[in-house]
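Working notes, structure below.
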Amino acid sequence: MSGTEPVTLVVRGATVVNADWQGRADVFVSGETVAALAAPGTPVPGGAGAAEIDASGLLVLPGGVDPHCHVGFTSGDYTSLDDYRQCTTAAVFGGTTTIVDFAIPRPGERPADAARKQRDKAARGVCDSALHGCVVEWDDTTADQLAEMSAAGVRTVKMFTTYRGESMADEDTILRTMKTLRDLGGMVVIHCEADHIVSDTQTRCAAEGRIGAGHMAATRPELAETASVAEILAIAESVGAPVYFVHQSTAEAVELVAAARRRGVRAYTEAVAHHLVLDDSVYAGEHPERFVCCPPLRPRAAVEALGRHLFTGEVSTIGSDHCCYDTAQKEERHHDVRVMPNGLPGVETRLPVVFSEYVVGHGLEPTRFVELTAANPARANGIYPRKGAVLPGSDADIALWDPGARWRVRAEELHMATDYTPYEGRELTGRPVTVLVRGRVVVRDGVLVDGTPRGRHVPSGPIPARL
Ligand SMILES: [Zn+2]
């Protein structure tokens with residue numbers, strides 16, 4: 001401890017879990033940051049004045065960092081239903097204390113303007129946020145805009161190889177954006193599904209009358225994902241730029257990225273919670289539209305193969321791909337997946353679902369859980385160790401986690417701006433009980449005690465050479 005700042009809060013009696021270490025320690029907080037990890041029972045220097053939380057039997061996790069979260073996102077004819085306040089409130093209930101949103105420009109909008117507008121919303125959050133920009137088309141102002149965004153702390157840029165006519169970028173644009181970001185310490189984060197394969201498949205499905213939500217899995221084949229990943233990896237390798245693949249849904253796609261990484265390419269895999277837990281059998285159920293997302297849910301064997309890569313180290317991060325539509329929006333045009341809204345609500349359930357399924361269910365080490373859900377997402381966004389760690393100097397964003405709590409997921413007890421959850425009725429083990437944001441208790445024993453919007457945009461520094 002430096003001794004200059006008074007300790008304002010001590011969390012005692014817990015097991016601290018960081019990405020590289022776990023053990024018994026008391027956590028001393030000074031104002032908004034962690035001052036020290038101390039041996040259990042260490043007295044507070046200077047004596048009284050610090051609040052104490054007895055966290056016996058709990059885990060102290062760094063608050064989750066959700067690297068993939070769409071807030072109030074407009075795509076096609078639909079806008080998802082939350083704003084920063086609602087999304088971050090749901091996030092903290094689920095143990096996540098930093099979200100990373102996207103600034104996707106509307107047609108004709110400059111990417112730098114979209115980023116500035118979205119960044120200004122951070123102040124409405126209950127917790128902090130970082131931001132991905134987005135480039136769709138390259139013109140002679142794009143390089144300057146990327147430099148402007150980077151200087152403002154937006155260094156990761158989303159791109160798409162699908163959604164033609166909306167957010168899809170061509171290969172020249174992707175290559176130029178990668179090169180420019182490489183020199184700015186930034187990184188392209190990319191949604192890979194080969195649009196020509198997807199649109200041809202969809203046309204064929206539609207001609208056969210199989211284009212409703214129940215046929216979702218067939219309309220966006222695994223091949224489309226692997227083909228696009230291979231192409232984008234080749235571009236990254238050719239120009240020596242880092243690249244991060246969002247929501248990889250198949251082991252084959254993950255393995256392409258891992259092989260490139262072994263050749264020295266700075267290539268990373270994000271998996272999202274729903275691809276790690278749910279499978280395509282839901283499309284044969286009563287409400288297939290509630291599970292329509294891109295890429296779609298895959299067969300059980302593919303889910304298990306993807307899940308195994310959490311253990312091999314090949315998956316770098318776990319996000320939610322949170323997109324908060326409600327059942328009315330999902331149902332309205334469920335007969336045609338080409339025009340209905342894609343995406344699942346998940347910012348609140350990401351950590352508990354993955355903890356229950358993989359830490360409790362399959363023996364994933366808690367340290368690896370923290371690496372996948374907090375530390376690596378922070379590293380991939382250039383905000384580590386300010387976020388994603390409980391270390392001296394880190395923001396005091398902490399989830400006190402009860403690893404043995406058994407509970408059942410009920411949409412009506414969640415806080416996302418929707419009326420359903422894809423995990424309805426699922427029994428889980430483990431959940432956050434008390435959550436701190438920059439040293440303040442915002443959720444105590446499962447109750448929101450401080451919903452004041454104090455969010456900040458956390459500017460991304462250069463993306464590290466390795467995660
Ligand atoms: Zn997404």
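In table form, for the structure just shown:
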item: Anisotropy class of the range 250-293 from Cα gyration tensor, a/c 1.5 cut; result: prolate
item: Label-to-label distance, nm, for residues given as residue 444 and residue 286 (7 Å Cα→Cβ offset); result: 4.0 nm
item: Residue (of 15, 98, 51) at the positive-pole extreme of the range 1-126, dipole from beta-carbon charges; result: 98
item: Out-of-range pairs (alpha-carbon distance over 22 Å; input 117/158; 179/387; 117/330); result: 179/387; 117/330
item: The range 129-196, dipole about Cα centre (Lys/Arg Cβ +1, Asp/Glu Cβ -1), debye to the nearest 20; result: 360 debye
item: Estimated vicinal HN-Hα couplings, Hz - the range 263-280 in sequence order (Karplus 6.51, -1.76, 1.60; Gly, Pro = x); result: 7, x, 6, 7, 10, 10, 10, 9, 10, 10, 4, 5, 6, 8, 10, 9, 10, 6
item: For the range 76-92 and the range 138-215, distance of Cα centres in Å; result: 22 Å
item: Distance in nm between pseudo-label sites at residue 406 and residue 39 (7 Å out along the Cβ direction from Cα); result: 3.9 nm
item: Separation in nanometres of the label points that stand 7 Å from Cα toward Cβ, at residue 32 and residue 113; result: 3.1 nm
item: Cα-centred dipole magnitude for the chain, charges only on beta-carbon of K, R (+1) and D, E (-1), debye, nearest 20; result: 1000 debye
item: Amide H contacts of residue 36 (H built 1.01 Å from N, under 5 Å, at least 5 apart or other chain); result: 28
item: Furthest towards positive pole of dipole, 325, 156, 251, structure part the range 62-380, Cβ charges; result: 156
item: Sites residue 365 and residue 305, calculated FRET efficiency, Cβ-Cβ separation with R0 22 Å, nearest 0.05; result: 0.65
item: Magnitude of the charge dipole, the range 1-120, Cβ model with Lys/Arg +1 and Asp/Glu -1, debye to 20; result: 120 debye
item: Cα gyration tensor shape for the range 62-380, rounded if a/c is under 1.5, else prolate or oblate; result: rounded
item: Beta bridges per DSSP with both ends in the chain, % antiparallel, nearest 5; result: 45 percent
item: DSSP loop trypsin sites (Lys or Arg not before Pro) with at most 10 other Cβ within 10 Å excluded, longest remaining stretch of the chain; result: 1-262
item: Full-stretch length increase - residue 237, residue 196 - with 0.36 nm per residue and alpha-carbon distance subtracted; result: 12.5 nm
item: For the range 320-325, Karplus couplings with θ = phi - 60° (6.51, -1.76, 1.60), whole Hz, Gly/Pro x; result: 10, 6, 4, 8, 9, 8
item: Spatial separation of Cα centroids for the range 245-259 and the range 409-461, in angstrom; result: 29 Å
item: Theoretical ellipticity at 222 nm over the chain - DSSP helices of four or more residues, -39500 (n - 2.57) apiece, nearest 500; result: -8000 deg cm²/dmol
item: The range 1-115 - Debye-derived log10 I(q)/I(0), Cα point model, q = 0.14, 0.15, 0.22 Å⁻¹; result: -0.73, -0.78, -1.19
item: Selected from 217, 278, 370, residue furthest toward positive end of dipole (the range 62-380; charges at beta carbon); result: 370
item: Average projection area in nm² (convex hull over Cα atoms of the range 289-375, one quarter of hull surface); result: 6.2 nm²
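Laboratory data are not the source of any read-out in this text; all were calculated from the coordinates shown. Since the structure is predicted, the reported quantities are computational estimates derived from the model, not experimental observations. Ideal geometry is used to build each Cβ from the backbone, glycine not excepted, and the neighbour counts take in all protein chains shown.
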